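K.L.:
One structure, as structure tokens, below. Some questions next.
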Amino acid sequence: MMARNRTLAEGRAGSLHLIGGKLCLDFANTASGRGTDQRLEQLRSYGDLVAWSAHAGLLEPADAAGLAAQAMLDPASGRAVIERALELRDAVYEVFRTIAAGTPPPDSAVDTINDGLELALSHLRVTRGPKGFALGWTIDGPALDRMLWPVARSAAELLSDGPLERVHQCPGPACGWLFLDASKNGKRRWCDMRVCGSRDKARRYHHNRRANTRSG
């Protein structure tokens with residue numbers, strides 16, 4: 001049991017702010033500071049992926065613990081899933097980063113999302129419940145990659161249904177997180193005003209203070 005808990009508690013993946021507004025954008029935000037010397041990677045292992053998935057509501061605690069335990073018994077399969085997860089994550093980031101910048105996303109990144117979507121849809125079924133019919137996932141065997149299915153679906157739905165003009169990228173240094181701007185005026189700038197917005201205010205304050213000191 002302790003081994004399971006350690007696996008689920010790796011890194012900060014299980015406590016990241018979920019500010020993207022869409023599942024796929026929150027998934028893209030499991031890395032920050034891309035292209036800088038302050039890059040932070042939160043998905044360093046299958047355990048990190050499971051921890052994030054439980055945090056994002058994709059896995060129940062018992063399922064998360066079971067998947068983590070299964071990956072410990074079959075580490076090669078766990079490594080294969082995290083590699084595929086990073087490929088999908090980086091494709092989602094590249095597609096929506098370019099859209100936020102007003103440029104066409106690369107075909108290769110869209111193809112990667114389509115590959116993930118094709119696999120996901122093979123597990124999607126109409127299910128019958130007490131309240132009627134609903135779409136649900138069919139899970140055969142361990143399905144260590146089950147958390148990637150709704151991520152691929154989320155990316156496809158955001159691309160097809162939008163609103164793409166509301167997808168923005170935080171300009172904070174060493175951030176670059178993506179988010180769907182749900183503000184009334186569509187002018188939201190920061191991923192989180194309390195984090196990157198406050199840091200920017202502090203930087204500008206100290207910059208102006210130094211400038212005033214030098215001029216005085």
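K.L.:
Filter region 113-136 down to residues that are of a type in the set (A, V, I, L, M, F, W, C) and more than 20 Å from the chain's Cα centre (by Cα) and give me whichever is farthest from Phe96 (Cα to Cα).
P.N.:
The selected residue is Phe133.
K.L.:
Output yes when any residue across region 178-187 is within 30 Å of Leu67 (Cα to Cα), modelled with pLDDT of 95 or more, buried (at least 20 other Cβ atoms within 10 Å of the Cβ) and touching a strand residue (DSSP E or B) at 6+ places or on another chain (Cβ under 9 Å), and no when none is.
P.N.:
Looking through region 178-187, at least one residue is within 30 Å of Leu67 (Cα to Cα), modelled with pLDDT of 95 or more, buried (at least 20 other Cβ atoms within 10 Å of the Cβ) and touching a strand residue (DSSP E or B) at 6+ places or on another chain (Cβ under 9 Å).
K.L.:
Out of region 33-80, which residues are under 26 Å from Cys191 (Cα atoms), among the acidic types (Asp, Glu), at pLDDT 95 or above and surrounded by fewer than 16 Cβ atoms within 10 Å (Cβ to Cβ)?
P.N.:
Glu41
K.L.:
May I ask you to verify whether Ala3 is farther than 23 Å from Cys170 by Cβ and at pLDDT 95 or above?
P.N.:
On the way: farther than 23 Å from Cys170 by Cβ: yes; at pLDDT 95 or above: no.
No; evaluated as a whole, the condition is false for this residue.
K.L.:
Restricted to region 85-109, and to residues that are more than 22 Å from Leu49 (Cα to Cα) and touching a helix residue (DSSP H, G or I) at 6+ places or on another chain (Cβ under 6 Å), which residue is surrounded by the most Cβ atoms within 10 Å (Cβ to Cβ)?
P.N.:
Ranking the qualifying residues of region 85-109, first place goes to Ile99.
K.L.:
Looking only at residues in region 32-44 that are among the polar types (S, T, N, Q) and within 15 Å of the chain's Cα centre (by Cα), which one is farthest from Trp149 (Cα to Cα)?
P.N.:
This residue is Ser32.
K.L.:
So in region 45-62, with the set limited to residues that are among the aliphatic types (A, V, I, L, M) and under 11 Å from Ala85 (Cβ atoms), which one is nearest to the chain's Cα centre (by Cα)?
P.N.:
Leu49
K.L.:
So, one more: Of all residues in region 6-30 being among the hydroxyl-bearing types (Ser, Thr, Tyr) and either crowded, with 19+ Cβ neighbours inside 10 Å or modelled with pLDDT under 50 (or both), which is nearest to Tyr46 (Cα to Cα)?
P.N.:
Within region 6-30, the subset among the hydroxyl-bearing types (Ser, Thr, Tyr) is 7, 15, 30.
Then keep just the ones that are either crowded, with 19+ Cβ neighbours inside 10 Å or modelled with pLDDT under 50 (or both); that gives 7, 30.
Numbers: Thr7: 8, Thr30: 13 Å.
Ranking the candidates gives Thr7 first.
K.L.:
Just checking, how many residues over region 144-188 are aromatic (Phe, Trp, Tyr) and touching a residue at least 40 places away in the same chain (Cβ under 8 Å)?
P.N.:
Final tally of qualifying residues: 2.
K.L.:
Within region 117-150, count every residue that is of a type in the set (D, E, K, R) and assigned to a strand (DSSP E or B). Explain how you work it out, then say what you get.
P.N.:
Let us first name the residues in region 117-150 that are of a type in the set (D, E, K, R), namely 118, 125, 128, 131, 140, 145-146.
With assigned to a strand (DSSP E or B) added as a condition, the list becomes 125, 128.
Residues that pass the stated criteria total 2.
K.L.:
Starting from residues that are within 18 Å of Gln42 (Cα to Cα) and not in a strand (DSSP E or B), keep the ones in region 173-183 and report whichever is nearest to the chain's Cα centre (by Cα).
P.N.:
Per the stated criteria, the residue is Trp177.
The values are calculated or read from the model by the stated rules, or taken from the named source; none is laboratory data. Note that the structure is a prediction, hence the values are computed from the model and not measured. So basically every Cβ, Gly included, is an ideal-geometry build from the backbone, and we count neighbours across all protein chains shown.
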